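Since the structure comes first, as structure tokens, the remarks are kept for the end.
The values are calculated or read from the model by the stated rules, or taken from the named source; none is laboratory data. Note that the structure is a prediction, hence the values are computed from the model and not measured. We place every Cβ from the backbone using ideal geometry, glycine too, and count neighbours over all the protein chains shown. Calculation scope for accessible area: heavy atoms of the full protein, side chains included, ligands and nucleic acids excluded. Shrake-Rupley method; radii C 1.70, N 1.55, O 1.52, S 1.80 Å.
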Amino acid sequence: EEMEAGELAEREAHGTGQARRRSVKDVQRFSDGLLLGIAFSATCGGIATLTGAIPHYFLAGESNLAAHVTWSKWFAFALPLSFVSVVLAFCVLSTRYVRSLKFRGISRETLEAEYDELLNTVGPFSRDELIVGLVQIAQVLLLIIRPFAISPFFQTQFGENLVNDSTLACAPALLLFFLPSQVRPGQSLLTWPSVHEKFDFGLLLLIGGSLAINSGFTQSGLNIAMGDCFAQLVPHLSNLGLNFVIILCVTVSVQIFSGIGVAAALLPVISSAALQALVNPLLLLLPATIASSFAFLLPTAAPSNVVVLAKSQDLSRPIRFRDFFWNGLPLTLGVMVVGALLTDVMGALVFDSHSPFPQWACSASAASCVFLEAPGVVQGRHVDAQACIVDLGSTDTT
């Protein structure tokens, strides 16, 4: 009987050990999915706004596009794709990490202990945090209503806007330097020493350098040389097919290079191709800019991936390269297909990207583009004037 009792106790201990190891593996698996979800959702969420991803600045920074690509228009255009991308990321990670788990969640005691530790670290919710949150909400609302509720009332006598998206992006930040802090009496909510210590000024140099490369492509004429090759494909593809080809090329490039570098190099080329093919530049630039955020395959493809990879090094089992690749692959394929469809539909609804080559694009381009009073039908629409490209090497015009 003593031997049987010993064997029974040994089996129970062995079973308990196996259950504990299985529980630990389930927790590790769930934490992997959670960290990847943070990385992917940060990238997907950034698609929705002009300020959510650095490559968007290259589109909005084009002088001829600044008046047409506003914060509110981009938000209306990109929000559906951002939402669908988040849903796709959830489905991929839920299928791979959550569906097969026997992990039933974290106990209430553990959550309360974590909350108490967090409360001791950052302190209770304060009036300062409330004011910063309200300022952020006010900034978003102002950016949304700016084109029709603010800019029309702040214009020069020549019709130039005195208030644009940049004004409303900077004004709330400046306001924080003047609002008093309750947590730090005698100081403002935001102080310059804090900005100097925590703000990454190297990021500004990175953006500025990329903008310089972008301008160099245009000033040297390299964008025209490369754009001519791409322009030859435009007449042979439908709008949807063109969207998919652009998204495919940019997405593959983004996995290898950074989204900033790809946007700085390719957007001038695509803009030149639109000029040579006489199609609306937004028809080509919108999918290219969107695809610069489809960086899910590699840990180094997006800043959020790098941050999550670095933070995971503190865990007992860090996230691996293959975790990003095998989860990012189905997500990337999914957003490419959905992105081609939604950019085509939403681009036409919000930006009228299917319209003929616009006069503003011709006026901002090289002298070879001439907008003539020549009525006709262009891309299925009747127009009173249309753009022509003058070949300076011959007497023919297109």
Check your understanding: Roughly speaking, what is the stretch gain from residue 156 to residue 252, that is 0.36 nm per residue apart minus the C-alpha to C-alpha distance, in nm to one decimal?
Key -> 30.1 nm
Check your understanding: Counting only protein heavy atoms, what percent of the accessible surface of region 34-120 is carbon or sulfur at a 1.4 Å probe?
Key -> 62 percent
Check your understanding: Over region 137-189, what percent of the accessible surface lies on carbon and sulfur atoms, probe 1.4 Å?
Key -> 69 percent
**Study point:** FRET efficiency, 1/(1 + (r/R0)^6) with R0 35 Å, evaluated for residue 321 and residue 236 via beta carbons
**Key:** 0.35
**Study point:** Calculated FRET efficiency for the pair residue 34/residue 66, C-beta based, R₀ 30 Å, to 0.05
**Key:** 0.15
Point to revise | At most 11 other Cβ within 10 Å, DSSP loop - chymotrypsin sites (Phe, Trp or Tyr not before Pro), region 163-202 | key: 178, 199
Review point. Taking the Cβ-Cβ separation of residue 313 and residue 385 as r and a Förster radius of 51 Å, what is the calculated FRET efficiency to the nearest 0.05?
Key: 0.25
**Study point:** Separation in nanometres of the label points that stand 7 Å from Cα toward Cβ, at residue 178 and residue 145
**Key:** 2.0 nm
Check your understanding: Once you put a point 7 Å from the Cα of residue 87 and another 7 Å from the Cα of residue 197, both along the Cβ direction, what distance in nm separates them?
Key -> 4.4 nm
Point to revise | Note, ³J(HN,Hα) from phi for region 238-253, Karplus 6.51, -1.76, 1.60, rounded to Hz, x at Gly and Pro | key: 6, 4, 5, x, 5, 4, 5, 5, 5, 5, 4, 5, 5, 4, 5, 5
